[in-house]
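The values are calculated or read from the model by the stated rules, or taken from the named source; none is laboratory data. Note that the structure is a prediction, hence the values are computed from the model and not measured. Quick reminder, even Gly has a Cβ in these numbers, built from the backbone with ideal geometry, and neighbours come from all protein chains shown.
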Amino acid sequence: MNDDEFCDETTSYKDEFIQWLTDRLPSTGKLNNIDVLYSLFGIHNKRLNTLIQDDVFNNTLNFVNVLITDKMLDRFCTSILPQKHHCIKKLILETTSMERILLAGDYPNLTSLELFGFEEEIVFRYFTGNISNRFPNMIFDTVTHLYAYDTIPMEHEFFMQISRNFPKLKCFSMENDNSQTRNCDQWNSYPIIEYSHLISLDIMNVNTDYVEQFLLQTKTHLPCLTELKVNYNQLATVTMNFTRDETRHNCSKVKRLILKESKVFSKDYYRYFSSL
């Protein structure tokens, strides 16, 4: 089916168009809306312009699992995103291109953000207030869901910046197997981080340091946390087998505790999570 035939088709236009695109994709067979928007945006065809307004092409933009050239990124940031930003509800980004993409629009309906690849230089540029004067001023007050992944340590300053830049954050998920580098004396010099609206925390796939980062009340305050996903052995270690007072407060309102392991729990466990 060629473009002219598409323009003449009136029945199940969207489904047939998607199938037409899928048939022309590489062997992966996956439809990527980044490619669709880049290819069709700006074409002077009423039917096609109406089609790419559909939520399936705009709700979620994934810039990670796609080969995007500098030319493509330039066009997205100068033409496509400034006109489409109000339609986007979720962005999946690498930090190397994060600044350009986030500055390309206001994203008034953005509620979910996934960030990958916090290279050390990028971390210090975007997530420390004394180095970057751009990202710290970007307040994402519509984002309620955030996912962060990397293979380098995420320090206390990083989580401080997250709490400032995402003041309405409700669900936070992260993955990082590398331990933090700060020692106990350095921790004492940092203010306590507060996530005022956070209700769900997924730290199932992290180093034990991050379990302590979130549960220890001298580091983080989680007044609304009701759902916690965590590795049982790490949880038992950080809470000292559910007897540690300094981690008790952030666990006190948890009503849903999701663990990988099936365990026979002690009385101390149930006292610790009294809201279960």
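Tabulated results
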item	result
Residue that is modelled with the highest pLDDT [pool: residues in segment 158-198 that are surrounded by fewer than 19 Cβ atoms within 10 Å (Cβ to Cβ) and of a type in the set (Val, Ile, Thr)]	Ile192
Residues being more than 21 Å from Pro191 (Cβ to Cβ) and either touching an Asp or Glu at 6+ places or on another chain (Cβ under 8 Å) or part of a loop (DSSP other than H, G, I, E, B) (or both) - total across segment 236-256	11
Yes/no for Asn233 being assigned to a loop (DSSP other than H, G, I, E, B) and surrounded by fewer than 17 Cβ atoms within 10 Å (Cβ to Cβ)	no
Helices (runs of 4 or more DSSP H) wholly inside segment 64-104 that include at least 3 residues being under 14 Å from Phe116 (Cα atoms)	95-102
